[in-house]
1. Segment A:148-231: which chymotrypsin sites (Phe, Trp or Tyr not before Pro) are DSSP loop and have at most 12 other beta-carbon atoms within 10 angstrom?
2. Could you state the per residue volume, in Å³, of the convex hull enclosing the Cα atoms of segment A:722-862?
3. If you keep only loop residues by DSSP, which trypsin sites (Lys or Arg not before Pro) in segment B:93-192 have at most 10 other Cβ atoms within 10 Å of their Cβ?
4. Using only the C-alpha atoms of segment A:145-216, find the volume of their convex hull and express it per residue in Å³.
5. For segment A:643-778, state what percent of all Cα-Cα pairs lands in each successive 5 Å bin, counting from 0 Å until the bin that includes the largest distance.
6. Can you pull out the trypsin sites (Lys or Arg not before Pro) in segment A:181-273 whose DSSP state is coil and whose Cβ has at most 11 other Cβ atoms within 10 Å?
7. Taking a quarter of the surface of the convex hull around the Cα atoms of segment A:254-445, what do you get in nm²?
8. Counting only helical runs of four or more DSSP H residues, what would the 222 nm mean residue ellipticity of chain A come to if each run contributes -39,500 (n - 2.57) and the total is spread over all its residues?
Amino acid sequence: MEHPVEQPVKQMSPSELKQGEFIEPRHWIGAEELTENYWTDAKILEKRGQEFFDKPVETIEMIERLDTKGFARRDFMTIMGASMAMTTFACARRPVHKIIPYVVKPEEVTPGEALYYATYSPETGEPILAKTREGRPIKLEGNPDFSRAGGALSARTQASVLDLYDPDRVTDPVRRGRVVGQVGVQKAGFRTVIDWKEVDQVVSEALTKAVASGGKVRVLTGELKSATEAKLIHEFVLAFAAGKHVEFSALGNEEIALASEETSGQRLVPHYHFEKADALVSIGADFLATWGNASENAFGWSAKRKLEGKPATAELSKFFVFESGFTVTGANADQRYPIRAGDELAIALAIAHELIVVNKLSSLASDSQVVSVLNGYRAEVVAAEIGLADGAASIKAAAHALLGSKGKSLVVSGGLSTKTVNAVATQVAVNLLNHVLENEGSTINGVERPLRPGQSIAELQKLIEEMKSGAVDVLIIQGANPAYSLPASAGFIEALSHVGLVVCVSTHENETALLSDLTLPDVHFLENWGDAKLARGVYALQQPTLAPIHRSRSLSDSLLVWGKSAGLKLSAEMVASATFHEYLKAEWKATVYKEVGSIGTFEQFWESSLRVGVVKTAEAGKIAGRSFKASAVAKLPAFKSRADGIYLSLYSAVSMGDGAQANNAWLQEMPDPISTITWDNYLSVGPSLAKKLNLVENDVVEVSSDGQKVLLPVWVQPGIHPSSVSVAIGFGRRNAGRVGNGTGWDVLGFSHLSAGQWVFSGGPVEVKKIGRKYNLAKTQWHHTSENRPIVNDITLAEYKRNPATANHTDPHLRLPEVPTLWSEHRYKGYRWGMSIDLSSCTGCGACVVACQAENNIPVVGRDNVRVSREMHWIRIDRYYSGSPERPDVVFLPMLCQHCENAPCETVCPVLATVHSDEGLNEQTYNRCVGTRYCQNNCPYKVRRFNFFDHWKAYEGTANMVWNPDVTVRTRGIMEKCTFCVQRIQEAKNKSKEMGGRIKDGQLKTACQQTCPTEAIVFGDINDRRSEVSKNHSDPRAFKSLEVINVKPVISYLTKVRNKEPMAHAGTGKHETSPGHG
Amino acid sequence: MVSSQLKLGLGLGLAFFVLGAGAFSYFPNVSNQDYEPEQPMPFSHKIHAGDNKIACMYCHSAPEKSRHSTIPSMNVCMNCHTVVKADSPYIKKLQEYYKEGRSIEWVRVHELPDYVYFPHKRHLARGLVCLDCHGDVKTMERVYQFSPLTMGWCIDCHRGKTTPKTVVAQMFPGKKNYQGPVATVNCSACHF
């Protein structure tokens, strides 16, 4: 991109001044931009100008390497010649297509019309509305009846519809040769596909034998969301003298339950009410993106982050984050403090010291035992040990914010980075804080989600020991992949070799399946029945949205079959049910139906429950706190100074979770919200540590600890503590499938099981540069704003003074009215527009995946992302401000701005992109010839070009995921956001049937629909009363790059941070107000 | 010896032929008007819709509520043909298919490219009738494509040039002999 040196307009922003003049940018993409060199060095300038990385040689190589299913260029000419001859001489009409109607059309199906089913995702715990077309689900949306998430879904659930059609799924039962006592897959082993009859025979025989030999049968599953399913498995294992059911997950929250048991005697995970918290402190919990039900959390959190109108009386919650990694939650904090991995307990207790000892909060202030423990954790001592930014003032500020909102505040901690050796102690400290702040029963509901006895790492360790001693006859594994997710030190793989019969119920032939005797095709959750308790008195039903695609059977159904065929002594409920569906119905009749006490028969209740998906009983909304035993505090460890060194923090990436969805290409290509890196994990190193170790981005380092060694590429991440590094789990799968194999590196070896706990973070590691390089595929650097004012953020104090502070409508930034060459557009009917509230946007990326699912956006692969060819129509740009040691973050969702004076429209030689009379910038695929002039001319870089026939990667069943309402684009076609024009057309059809206009709120784009914080608003700006119109006239509203006068139809609302100094906080340091330049 | 003029002529002719063929293959925008493929079963619309006056939408259900006007499922055929003409060899075949749970693979007559979204329901709601685009199907022994179904043909109607008078009158009740456009010609009306 050329720098507009010869811009005729005076009064430009300082950043638009002459090249060669260095002005530190207010918002920056990477720390490089803060150096003068970056803006003046000729070499860097030239490299930066290469926006599209077009090197013809590479392109041809890529065609040959990546697009083997397509045509190489030479073949293309041959085929062109041949097809030309054929069209000319045979003069053929279009190919003959067949229409194959239904034999008996299901009554509810109308071809061409969508049918919605309410169901539930047990993987992420979110209630769903599944859109099906002609019997196949194509898009998942949040169930709007679940009012705690407002119809939102996380990126992982959005993408799970692709898992359903994964062509790498196991289709039939598989039997493997495995010699008991020998580790790993045997060379002489066989792999044969068998039928279910044989499966039932083999398993029944083994179970019958097991009954005779003492009944050592174990069922090992992932954490089950469905209590009914857990009940069935429990009843199944009860049929054996020594049967047991163990559940585990890397993302489980057992430490919270253990701490709760210590402080209140209840082994449960409470429910958090973020929507009620005026002051919020998170110690390592990434609740906005990866911890708990993230969309529900974010929906609640945003309730206290909205600014509606009246600046003078505006209020925002106060939000502090102390964390070792850099998470989405940290990026949204008002004050984020980098800590070392493993400092969570010290932070929590330092805050407790400030509240209880210094401010004499609660009766515990006179409990000498409590005081003596806390005295070791004085804010000054802890801050000095950790090297906190702002020193002790940071802890004091957090404490005072909590104190100021006593009873309406919340302290949370959790997730992998907090699962240190002190994980339970940290949670005890968090319970202490919430107790003295009187948050129990207010922002914390402590009467939900008790853990089952089998949900325990101690039980898992016991199981492994039993397996090792050869005491387990039959092991049935489902919904878990222990051979991958458990660290080698746990000895699971070795233990597995001593088990008589290993049955793995799995959707893929994964790491564990390869070590099992039987691999049974599992159903996807969209093919299965189930239920869940979402909250107190709120239940969700999970129903199949289609019949199983393959010959799959759920574990529950299998257990019912095996229990009977093996002649086990089953419960009456199990005997009465032939399928899990029947069992589930009977269970609901006995429990939820009674709890609801509804009038009408059970069948009526069942039908209506299936229709709505979420059922509420009178219990819903009831809230109660837990008690607190002060004796638990006395057991907390004393303060210990830690040796200098580098501490490792593991975390679960927003896209990858624990790695179960590794074969999902949408998730692999979803850029990480903070680093924007796709397809791999990487070691995040803070800028000062990088300098110390002489590391730059893409350097490969050897990370080692206790004999574990992993090579990882380095990513220099601003805002990471100098003594801490972090890396995501869930990558480095060996047998995930064709997509997931070979993405990133497995770092679970750094975790270990010890004394009933799964410890992930906080251990010391060594980081050694090995002199190799690895090219990480990141997206943000593909587009540089060249230091132009593209985004805006201010503090609450500034907002109160002037809500339009620095938001580009400042007179010195506004261009004088420039005469244009074109006549003005007139919009008589609708005029579509959008607004995006940057204060609410958390950057979670759910919209990116929702858009991908809705609009048939292809996946391009790692190599193509490296050369800037990703296809996402909406991307989340992340900008930093402040110091690289502790930056603030603002997310800018960037999509086609549907400009009134669109620069793309004027350069298209074939009029493939034109302006509609409803304000849409239309892209007509069948007209596009692929000159890419429009892409070159787009100031926002939102036009994406199909360099290859990327759609061909959707092989086999995968192409069933396409949305039939949107054209699948071929090679050589430009595409970009359409404002979901297919949804506009659909809404128009509906409204015309009703004989009126589309009402505000009736029509939602895919990104808007899934946004958990309702940051995106879409509607008719010709309608003065619509929400989007109101947002457009909000004083905070600004247009991105307004100075270039392209007149975007998207208004962004300035991000406002609650950074004003607190009256009694005594934090010396206050952020200087950002000005321009 | 071939004269240089002849050479030039031949060369030019070849060049035009190649260019023309190229253009033809690149823009396969030829109309399929009058396309009348043979069907796997000699279904006669004349007998069904003409002689027996069965309404179009008895079999082709849902054009008023969907994008598509569908080919009837086998159970619709069997509504009558369990009894009617049950001894005909074709009907026997039909019944056999139905019992086996198989479907008849009809050859598609009316087809728009994948990048065109044509909703039947919007057009029916405006007062167009089947006949306007599909021709007088009730006289057809074997169905053929009556209209060109090209983009120009669509646009002409949207601009009001070829719109049936009844439709115009219904849309603009106050205006006699209205001549202007009747529907949108935005690209995104049909292409997305």
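What follows is calculated from the coordinates using simple rules that are stated; it is not laboratory data. Computed from a prediction, not measured in an experiment: that's the story for all the values here. Here the Cβ is made from the backbone with ideal geometry for all residues, glycine too, and neighbour counts use every protein chain on show.
1. Values: sites: A:TYR165, A:PHE190, A:TRP196; in loops: A:TYR165, A:PHE190.
Within segment A:148-231, the qualifying chymotrypsin sites (Phe, Trp or Tyr not before Pro) (loop, at most 12 other Cβ atoms within 10 Å) are A:PHE190.
2. On the way: hull volume 46.1 nm³, N = 141.
Given the Cα convex hull of segment A:722-862, per-residue volume reads 327 Å³.
3. On the way: sites: B:LYS93, B:LYS99, B:ARG102, B:ARG108, B:LYS121, B:ARG122, B:ARG126, B:LYS138, B:ARG142, B:ARG159, B:LYS161, B:LYS165, B:LYS175, B:LYS176; in loops: B:ARG102, B:ARG108, B:ARG126, B:ARG142, B:ARG159, B:LYS161, B:LYS175, B:LYS176.
Passing both the DSSP loop test and the Cβ count: B:LYS176.
4. Values: hull volume 17.0 nm³, N = 72.
Value for segment A:145-216: 236 Å³ per residue.
5. Bins of 5 Å from zero give 2, 11, 21, 24, 21, 14, 6, 2, 0 percent of pairs.
6. Working: sites: A:LYS187, A:ARG191, A:LYS197, A:LYS209, A:LYS216, A:ARG218, A:LYS225, A:LYS231, A:LYS244, A:ARG267; in loops: A:LYS187, A:LYS216, A:LYS225, A:ARG267.
Within segment A:181-273, the qualifying trypsin sites (Lys or Arg not before Pro) (loop, at most 11 other Cβ atoms within 10 Å) are A:LYS187.
7. Directional mean of the projected Cα hull area for segment A:254-445 stands at 10.4 nm².
8. -7500 deg cm²/dmol
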